[in-house]
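Trainee: Let me begin by handing over the structure; questions about it come next.
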Amino acid sequence: MAKCPHCKKPVRLGKEAAPSDSQPVRKEVAGTVKKEVMYSCPHCDCVLGFSFFIGGVLMGRP
Ligand SMILES: [Zn+2]
């Protein structure tokens, strides 16, 4: 179980099974080819991290 470093409440990534007191991390994606993803805590709105990947036509994924 991952915990938010700010509010210490449980968060989870993706679709893995989790107790009902945890909420999935919010994921916001921007961009059409170079995807930039921002993860934020569902409890306190603190940003947990950024990532980016090359998507779209090149990699054949949305
Ligand atoms: Zn938090």
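Trainee: Which ordering of LEU13, LEU48 is given by a fewest-first count of other beta-carbon atoms within 10 Å?
Mentor: Working: LEU13 12, LEU48 17.
The order, fewest Cβ neighbours first, is LEU13, LEU48.
Trainee: May I pose another question? Would you mind calculating the gained length between ARG26 and PHE53 on full extension (0.36 nm times residue separation, minus the Cα-Cα distance), in nm to one decimal? Kindly include the intermediate steps, with their values, before the conclusion.
Mentor: Numbers: separation 27, 0.36 × 27 = 9.72 nm, distance 1.71 nm.
So the extension gain works out to 8.0 nm.
Trainee: Which cross-chain or sequence-distant (5 or more) residues have an amide H under 5 Å from the amide H of PHE52, H modelled 1.01 Å from N in plane?
Mentor: Close amide H contacts, sequence-distant or interchain: VAL37.
Trainee: When a footprinting reagent is the concern and you count Cβ atoms within 10 Å, what order do MET38, MET1 take, fewest first? The partial results should precede the final answer.
Mentor: Numbers: MET38 15, MET1 9.
In increasing order of surrounding Cβ atoms, one gets MET1, MET38.
Here, each number is a calculation from the coordinates, and none is a lab measurement. Just so you know, these numbers come straight off a predicted model, no measurement behind them. Positions of Cβ are backbone-derived with ideal geometry, glycine not excepted, and every protein chain shown enters the neighbour counts.
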